[in-house]
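Asker: One structure is given below, represented as structure tokens, and several questions about it will come after.
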């Protein structure tokens with residue numbers, strides 16, 4: 001499950017998406033800061049449901065949201081640099097360069113951070129840094145599979161609750 005159409009995400013999330021997707025300049029600024037093109041399914045989901053909470057606690061920023069994505073990613077990279085030394089053993093067992101990780105969300109339930117992990121051939125995985133459990137976990141198969149696992153509770157990260165609704169806008173969002 002590497003990608004999904006607009007209708008597929010709508011069916012998965014169960015609510016209508018926003019009508020205001022980020023402009024090309026906004027995505028260009030994000031990808032310029034990241035240094036690589038981001039996965040299309042991630043960009044599609046963010047365009048439809050970014051600046052929102054998934055399952056009541058997983059905050060997903062939007063390039064033009066209340067906490068613009070580039071600002072969120074900058075802070076996420078600083079947090080990651082501060083946390084990684086405590087997780088060297090876990091990270092050392094994974095086959096990726098920590099400098100290439102891309103922050104994309106966090107759980108406001110317990111402070112866990114979600115990052116995109118670039119792979120050869122344009123594939124991406126998800127890494128979750130579990131603050132309360134003091135470990136990391138790699139979720140293979142891409143962004144869509146991860147979100148589907150969270151919302152279906154089939155592959156729910158340890159300690160994550162599932163609250164209703166499946167998605168809601170972040171309070172104060174300029175996206176309406």
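Asker: Being over 15 Å from the mean Cα position of the chain (by Cα) and on the phi > 0 side of the Ramachandran plot is the filter here; which residues of the range 91-127 pass it?
Answerer: Hits for the range 91-127 are 121, 122.
Asker: So, in the range 128-145, how many residues would count as being under 14 Å from the mean Cα position of the chain (by Cα), closer than 19 Å to residue 77 by Cβ and either without any contact (Cβ under 8 Å) to a residue 24 or more places away in the chain or surrounded by fewer than 18 Cβ atoms within 10 Å (Cβ to Cβ) (or both)?
Answerer: Matching residues across the range 128-145 total 1.
Asker: Out of curiosity, is residue 81 out of contact with any strand residue (DSSP E or B) (no Cβ under 8 Å at 6 or more places or on another chain) and either at pLDDT 90 or above or more than 28 Å from residue 176 (Cβ to Cβ) (or both)?
Answerer: Values: out of contact with any strand residue (DSSP E or B) (no Cβ under 8 Å at 6 or more places or on another chain): yes; either at pLDDT 90 or above or more than 28 Å from residue 176 (Cβ to Cβ) (or both): yes.
Yes; evaluated as a whole, the condition is true for this residue.
The values are calculated or read from the model by the stated rules, or taken from the named source; none is laboratory data. Everything numeric in this text was worked out from a predicted model, so none of it was measured. When we count neighbours, we look across all protein chains shown, and the Cβ atoms used for this are built from the backbone with ideal geometry, even at glycine.
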